[in-house]
Every structure is written in structure tokens, then in C-alpha cells.
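*Asks:* Got a structure for you, questions after.
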Amino acid sequence: MKKFLVLLAILSLGLMAWADEKEDDIDRLDASTKVLNEIMTTPDKGIPNEVLDGAKCIAVVPHLIKGGFVFGAKHGRGVATCRTSDGKWSAPSFFTVTGGSWGAQIGVEGVDLVMMIMNDKGMQQLLNSKFQIGGDASAAAGPVGRHASAGTDWKLNTEILTYSRARGAFAGISLEGAAITQDSNAIEAMYGKALTPRAILTGTVPPPTAAQQFLATVRDAKTMAAK
């Protein structure tokens, strides 16, 4: 009987942790939706229509933490969706971004991060469990405005265009050396079982109800930018 009660207590704690993680997932989706809404309703300072049209995947990290003295670190938890073979946006996959930088810096700052994955090579990296920006996939600060300038080289060989927003200002950001890793706990909490980013982002898994508003915002991004 004692062993049974101990087992029951362990299971209860596990279910509570799972429920808390799912609530965190929903909060992350809601925060990402808010970030996209706020960015795309200021089109003159947002992501150009040409970038939105060409993106294979969109990844959002609300409130990425940057900080340090001389040695700087970055950490955040994000959500991503990709275009599937039928042209729809996939169910969301959850990931973490961690990385460091070296330079003259001080203090801590929270920024919203948006990554636009622009070609098949970049998308294939996102489908993996882990990859490094700058090593496995190239990245560059993305152009800002209603339209991308024809004189920029954003269409060339860059897999990922990166953007950040801090204190209302929106601009490109460098994420060289940052690692993108699947958030296994978040994925299992949202979908009720262990899944790979590949299974989720290629459309094998139906989107959960909690993701509907986020996906609707992704679908309507260009429409919002045109207003």
C-alpha cells in the first residue's frame, strides 16, 4: 500500500509538471502571436512583403534575454511553423535558442526575436533536433520596411533572416553562433507524446486548438502589413 501511495504521488507530481509546461506553451504561443501582430501593424518598420512571401518557415522568440559584462549570452524559448507541401502552415514546434557573443557590452536586455527561414536548406536545419546558426545555417540581419530594397543581397545564399525588437524599435540582429534546439518537454506537453520537429513541421501532426490564433496571425501577416 505504501509503495502504491508513493507511486501515485510521483504520478501526480508528473501530471502537475506536465500541466504547468502546457500552460507555458500556451503562454509562449500567445506572446508570439502578440509579437507578430505588433510588428506587422507597423509595416514601414516591419518585415517586408517580399520576405513574407518567400519564407519557408517563421520562428518567434518572445522576450529573448541578452546580457552580460564583456561576455554576453542569449537565451530564449520560441515557437516555429513551416509551409507544408499543400501550402498551409504546419502545427507549431517548440525550441530553445542559446548562444554567446564577445564584445563591449553591459547590462541585461529583453528583445523579441523573429527568424524568417528563407530556403529549403534552412528549413531542413529547422527540421533537425539541433543546429547552429552560422555553422549549419547562415544568417543575416533582415531588411526592414514595407518592401525590401532591390539593391540588398537578402535573396542570395542566406538561409535565415533575423530581426529583433526592443523598446519599440525593430531592426536586424546578429545571432552568429547561437544554437537552436528542440524543446522536448514543451513538445510532449502540448502534443501528449514525444514528437520530432520534422514530424510536426512537415504537416504530419494536426495543429492543436491552442495554436489556432498564432497560425491565423502567420497566415494574415501580409494582409496586416498592407493596411
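The values are calculated or read from the model by the stated rules, or taken from the named source; none is laboratory data. Note that the structure is a prediction, hence the values are computed from the model and not measured. Note: ideal-geometry Cβ built from the backbone for every residue, glycine included; neighbour counts use all protein chains shown.
*Asks:* Could you identify the single residue in Met118, Met123 that is in contact with a Cys (Cβ under 7 Å, 6 or more places away or on another chain) and modelled with pLDDT of 90 or more?
*Replies:* Of Met118, Met123, the one residue that is in contact with a Cys (Cβ under 7 Å, 6 or more places away or on another chain) and modelled with pLDDT of 90 or more is Met123.
*Asks:* Of all residues in the range 199-215, which are closer than 18 Å to Cys57 by Cβ and in contact with a Ser or Thr (Cβ under 7 Å, 6 or more places away or on another chain)?
*Replies:* Ile200, Leu201, Thr202, Gly203, Phe214, Leu215
*Asks:* Next up: Within the range 188-205, can you find the residues that are assigned to a helix (DSSP H, G or I) and of a type outside the set (Asp, Glu)?
*Replies:* Scanning the range 188-205 gives Ala189, Met190, Tyr191, Pro197, Arg198, Ala199, Ile200, Leu201.
*Asks:* Taking the range 126-139 as the search range and keeping residues that are under 15 Å from Thr162 (Cα atoms) and of a type in the set (S, T, N, Q), which one is modelled with the highest pLDDT?
*Replies:* Gln132
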